[in-house]
């Protein structure tokens, strides 16, 4: 069982600050995307909240937020947009912290940190995960959306293969891949796999 914020082994704020410094400021303390109207986090901003209410069903709003996912059920349906928001909430299904992984060193540091202090690990790219794998209460989330790069190998050779190959980092989304490969006349077929309950 992983440690959670009320456990004695949960990292102190000093440890989190040190981890943030080691990762070059890549650590983000989670503030739910719609918290700007509830003021629990001291982030009250009525105009920002109006934008969030208008765009709530637009996936692009959630994609660029470090901890938001498309399926509010797995967040515990907390901090939902409302014309008259009420109540004080916990983080629910949101992770406690997010690391904005823009290079492989951050990933290595995050995994070693998680292992050494027994934290829950979840990952998020865009948040288009309707099977709850990108949500995790009291976790450290590794956000890979900005971990982007594509390398082309015109002649990638193995014992059984000698043709074009691509090395695609995890943050690349299908629309970006289509644009980048189309410039070089490469046709890409993307297969979407929907995982069932395991």
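Laboratory data are not the source of any read-out in this text; all were calculated from the coordinates shown. Everything numeric in this text was worked out from a predicted model, so none of it was measured. Methodologically, a virtual Cβ is constructed for each residue, glycine included, from the backbone with ideal geometry; neighbour enumeration extends over all protein chains shown.
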Once you place label points 7 Å from the Cα toward the Cβ at residue 177 and residue 53, how far apart are they in nm? 3.8 nm
Using the per-residue mean of other Cβ atoms lying within 10 Å as a proxy for protection, in what order, highest first, do the peptides 177-183, 28-34 fall? 28-34, 177-183
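When ranked by the protection proxy of mean other Cβ atoms within 10 Å per residue, highest first, what sequence do the peptides 10-21, 103-114, 153-164 form? Numbers along the way, then the final one.
Values: 10-21: 13.4, 103-114: 15.8, 153-164: 9.1.
Most protected by this proxy first, the peptides run 103-114, 10-21, 153-164.
At 0.36 nm per residue, and after removing the present C-alpha to C-alpha distance, how many nm does the segment from residue 158 to residue 8 gain when stretched out fully? Working shown, then result.
Values: separation 150, 0.36 × 150 = 54.00 nm, distance 5.10 nm.
Result for the pair: 48.9 nm of gain on full extension.
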Does the stretch 148-198 come out rounded, prolate or oblate by the C-alpha gyration tensor, with a ≥ b ≥ c the root eigenvalues, rounded set by a/c under 1.5 and, if not, prolate when a/b is larger than b/c and oblate if not? oblate
Separation between the residue 149 and residue 191 pseudo-spin-labels, each 7 Å from Cα along Cα→Cβ, expressed in nm? 2.7 nm
